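To keep things clear, I will list the structure first and then write my remarks on it.
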Amino acid sequence: MRIRLRESLKTSEEDWYEGKLTRHNHFDALDHIDDALNRVPVKFTDKDHRRFMESCFGYFLTMHRKIKFFDGIIHRLLLRELYHNGPTDEMHFMLGNQSVRFSKVEFYLITGLRFGVVSDTTKYTAVENGIHERYFPGADEVSLGEIRGVVTSTKFGKAYDAVKLCLIYMLNWILMRVDERFKIPVWQFRLVEELDAFDAFSWGVRVPMGCPHVQAFYLLIQACA
């Protein structure tokens, strides 16, 4: 079995090399979300915190904040990637004598982010008197850095304002890992105004499956099973 798998390696064992991957996750920023939800007026605190925890990103808030990033393990996993005849959005790896798959199914099991038909968001506009208008008045564009500034320092006045801004912050900074200069698309501001619609959106299509830490997490579970 192992001989057949070795013949399918994308990188032959003779060409394996030592390498290093750079850590780019921002899971420590989950503390910013905790702090933001605690800056909600007392009469809304429990309501806002409960709504965030019930959201599509809520369970990430229960994650261990100091995740150890083993770049060497991930590098060695990627060296063991296999050619395969399955769907193009799958990755297969050789672990010992086994072929291990990483696909949309495993991605969903780990992240809870669903796949499906993505709505046409090109015609979305900001909601009148929504969070875009109230927290960034007169701004045609809002950067992720500006979102971060509000999340980390603003006292929120209305129920669910903190929830909505924290969801945008988590999506772009923690899950998508985009640069602080990234301009938040208007459709995100529109979608988050309807929290149920935001939760139902196919975020698995937007968040890259290729996150090395997600792949490594699943593959290590498989290896230890």
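The values are calculated or read from the model by the stated rules, or taken from the named source; none is laboratory data. In this text the structure is predicted, and so the values were computed from the model without any measurement. Positions of Cβ are backbone-derived with ideal geometry, glycine not excepted, and every protein chain shown enters the neighbour counts.
Observations, loosely collected:
- Residues being part of a loop (DSSP other than H, G, I, E, B) and not small (G, A, S) - total across region 93-151: 20
- Test: K20 is part of a helix (DSSP H, G or I), of a type in the set (K, R) and under 28 Å from L171 (Cα atoms): no
- Scanning region 162-202 for residues that are over 20 Å from V40 (Cβ atoms), aliphatic (A, V, I, L, M) and in contact with a Lys or Arg (Cβ under 6 Å, 6 or more places away or on another chain) returns no hits.
- Among the candidates H32, H49, the residue that is free of Cβ contacts under 8 Å to residues at least 40 places away in the same chain and either farther than 26 Å from S202 by Cβ or surrounded by 15 or more Cβ atoms within 10 Å (Cβ to Cβ) (or both) is uniquely H49.
- Scanning region 147-170 for residues that are within 15 Å of the chain's Cα centre (by Cα) and under 16 Å from M53 (Cβ atoms) returns C166, L167, Y169, M170.
- Of all residues in region 120-151, those being surrounded by 15 or more Cβ atoms within 10 Å (Cβ to Cβ) and out of contact with any helix residue (DSSP H, G or I) (no Cβ under 8 Å at 6 or more places or on another chain) number 2.
- From the list L21, L77, the one residue that fits, being over 30 Å from V150 (Cα atoms), at pLDDT 85 or above, touching a helix residue (DSSP H, G or I) at 6+ places or on another chain (Cβ under 9 Å) and surrounded by 12 or more Cβ atoms within 10 Å (Cβ to Cβ), is L77.
- Selected residue [under 18 Å from F27 (Cα atoms) and at pLDDT 95 or above] from Y135, Y160, Y169: Y169
- So T152, is it polar (S, T, N, Q) and at pLDDT 90 or above: yes
- Out of K104, K183, sole residue that is within 24 Å of R206 (Cα to Cα), more than 17 Å from the chain's Cα centre (by Cα) and surrounded by fewer than 19 Cβ atoms within 10 Å (Cβ to Cβ): K183
- Positions within region 186-200 being touching a Cys at 6+ places or on another chain (Cβ under 9 Å) and buried (at least 19 other Cβ atoms within 10 Å of the Cβ), in sequence order: F198
- Here S99 passes the criteria (1) closer than 15 Å to K10 by Cα; (2) buried (at least 18 other Cβ atoms within 10 Å of the Cβ); (3) among the small types (G, A, S) except the one numbered (2).
- Residues in region 152-172 that are buried (at least 16 other Cβ atoms within 10 Å of the Cβ), in a helix (DSSP H, G or I) and of a type outside the set (G, A, S): D161, V163, K164, L165, C166, L167, I168, Y169, M170, L171, N172.
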